[in-house]
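The values are calculated or read from the model by the stated rules, or taken from the named source; none is laboratory data. Source: prediction; values computed, not measured. Methodologically, a virtual Cβ is constructed for each residue, glycine included, from the backbone with ideal geometry; neighbour enumeration extends over all protein chains shown. Heavy atoms of the whole protein, side chains included, go into the accessibility calculation; ligands, DNA and RNA do not. Shrake-Rupley method; radii C 1.70, N 1.55, O 1.52, S 1.80 Å.
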Amino acid sequence: MTQIKKAVVPIAGLGTRFLPLSKVLPKELFPLVDKPVLQYIIEEAVASGIKEIIFVIRPKRKEVLTYFKKYFKKTPELEEILKKRKRNHLLKELKKLEKISKNISFWHVFQRKPLGASHAILQAEKLIKNEPCAVLYGDDIVESKVPCLWQLIEIFKKYQKPVIALYRIPKESFRFYGMVEVKKIAKRLYKIKKVVEKPSITEAPSSLAVVGKHIITPEVFDHLKKTSFDLKKDLTLSTTLSEMAEAGKEVYGYEFEGKWLECGNKLAYLKSNLYLSLKHPQFGKELRKEIRRTWWNW
C-alpha cells in the first residue's frame with residue numbers, strides 16, 4: 001500500500017487580501033494567536049506522518065525561507081538565558097520547535113510566474129518523484145482531535161485515489177467557495193462529480209465546500225502537465241480535480257471531523273484569532289472576562 005510521506009505547501013501567492021502588511025511579511029508568517037499560521041500547517045503534517053515538506057515560493061520571496069529557518073533553528077544562547085531566569089514554559093515551547101525540525105525535512109521550489117495554485121503545485125513534481133502526496137494550503141487551519149490530514153490519508157489508504165477535504169457551510173457563504181456536486185458513498189464520504197466555483201444559493205450543488213487540504217496522485221500531475229495556464233486565470237487544485245472527475249476519473253471527498261478556521265482574508269483571519277484566543281489555556285479565561293466587561297460598558 002502506497003504511503004503518504006510528502007506534502008506540498010504552496011506559498012507563492014501575492015497576498016493581495018492582506019496588503020499593505022503582506023508587502024513586507026508573507027501572510028503565512030502572520031501570528032495566529034501566539035505562533036505563525038504556517039506552524040499549524042506543519043504541526044498537522046508531522047502529526048499525520050509526513051516526513052518531507054516542499055514549499056512552493058516566489059523567487060522574490062526567498063526571505064520566507066530565511067525567516068522560517070531562523071524560527072525553527074536551535075538557539076543555545078537564548079535557551080541558556082531562559083534557564084537562568086527559570087522561564088521553563090518558554091523553554092518548553094522552544095523544545096517543541098526543535099522536535100518538529102528533527103522529524104521533518106524541508107525543501108523548496110520556485111514558481112516564477114503567478115499562474116495560480118495548480119501551476120504552483122506542478123512545480124513540485126520532480127521532488128514528489130511519481131508518488132502520491134498531500135497538498136496543504138497555508139490559509140486553512142483545522143481544529144480537530146484527529147488531524148484533518150490524517151483523516152484524509154485514512155480514506156486514501158482504502159481507495160488509492162485523490163481525496164478532497166470538505167466542510168459543510170451555511171448557504172449565505174456559498175458564493176465565496178468552491179462547492180461540490182457529490183454522490184454519497186458512506187458516512188462523511190463522497191465521490192466527487194464536479195466542483196462549482198463560487199455559485200449562487202440556487203446554483204450550488206450541495207452545502208459542502210472545498211477546504212485547502214488534499215491528497216493527490218501522480219495522475220493529477222499528468223493532468224496538470226496538459227493544462228494551459230494563463231496569467232488571467234487562477235486555476236485552483238479543486239478546478240483540476242473537478243475536470244478529472246467530470247472526465248470519469250475517481251476523486252473522493254471527505255467531510256472531515258473538526259472546525260475549519262480560515263486565514264485567507266482579513267476578516268476570517270481576525271475571527272480565527274479571536275476563536276483560538278478565547279480557547280487558549282494560558283489567557284483565554286482572562287480574555288473572556290475582559291470581553292464581558294467591555295460588552296457591559298457598551
Return yes or no: is Leu270 of a type outside the set (Asp, Glu) and either touching a helix residue (DSSP H, G or I) at 6+ places or on another chain (Cβ under 9 Å) or in a strand (DSSP E or B) (or both)? no
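In a strand (DSSP E or B), open to solvent by 60 Å² or more (accessible area, probe 1.4 Å) and in contact with a strand residue (DSSP E or B) (Cβ under 9 Å, 6 or more places away or on another chain): does that describe Lys191?
The answer is yes for Lys191.
Does Gly49 satisfy being touching a helix residue (DSSP H, G or I) at 6+ places or on another chain (Cβ under 6 Å) and at positive phi?
Here the answer is no, as Gly49 does not meet what is asked.
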Could you list all residues from the stretch 155-188 that are open to solvent by 70 Å² or more (accessible area, probe 1.4 Å), basic (Lys, Arg) and more than 14 Å from Val211 (Cβ to Cβ)? Lys158, Lys171, Arg175, Lys183, Lys184, Lys187
Failed condition for Ala134, given (1) part of a strand (DSSP E or B); (2) modelled with pLDDT under 95; (3) open to solvent by less than 20 Å² (accessible area, probe 1.4 Å): (2)
Matching residues in the stretch 118-131 - criterion: being open to solvent by 20 Å² or more (accessible area, probe 1.4 Å), in contact with a strand residue (DSSP E or B) (Cβ under 6 Å, 6 or more places away or on another chain) and part of a helix (DSSP H, G or I): Leu127
From the list Leu224, Leu235, Leu231, pick out the single residue that is at pLDDT below 95 and farther than 25 Å from Ala45 by Cα. Leu231
Please find, within the stretch 249-266, the residue that is least open to solvent (accessible area, probe 1.4 Å) out of those that are modelled with pLDDT of 95 or more and of a type in the set (Gly, Ala, Ser). Gly253
Has the stretch 2-23 got any residue that is free of Cβ contacts under 8 Å to residues at least 40 places away in the same chain and open to solvent by less than 40 Å² (accessible area, probe 1.4 Å)? yes
So, in the stretch 53-94, how many residues would count as being assigned to a loop (DSSP other than H, G, I, E, B) and open to solvent by less than 80 Å² (accessible area, probe 1.4 Å)? 2
Quick test of your reading of the structure: Leu32 fulfils all but one of (1) open to solvent by less than 20 Å² (accessible area, probe 1.4 Å); (2) free of Cβ contacts under 8 Å to residues at least 60 places away in the same chain; (3) of a type outside the set (Lys, Arg); (4) over 16 Å from Phe106 (Cβ atoms). Name the failing condition by number. (2)
Could you tell me which residue of the stretch 137-154 is surrounded by the most Cβ atoms within 10 Å (Cβ to Cβ), considering only residues that are among the β-branched types (Val, Ile, Thr) and more than 12 Å from the chain's Cα centre (by Cα)? Ile153
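Return the only residue of Glu250, Glu243 being acidic (Asp, Glu), touching a residue at least 12 places away in the same chain (Cβ under 8 Å), in a helix (DSSP H, G or I) and touching a helix residue (DSSP H, G or I) at 6+ places or on another chain (Cβ under 8 Å). Spell out how you get there, then give the answer.
Working: Glu250 fails: in a helix (DSSP H, G or I).
Matching residue, one of Glu250, Glu243: Glu243.
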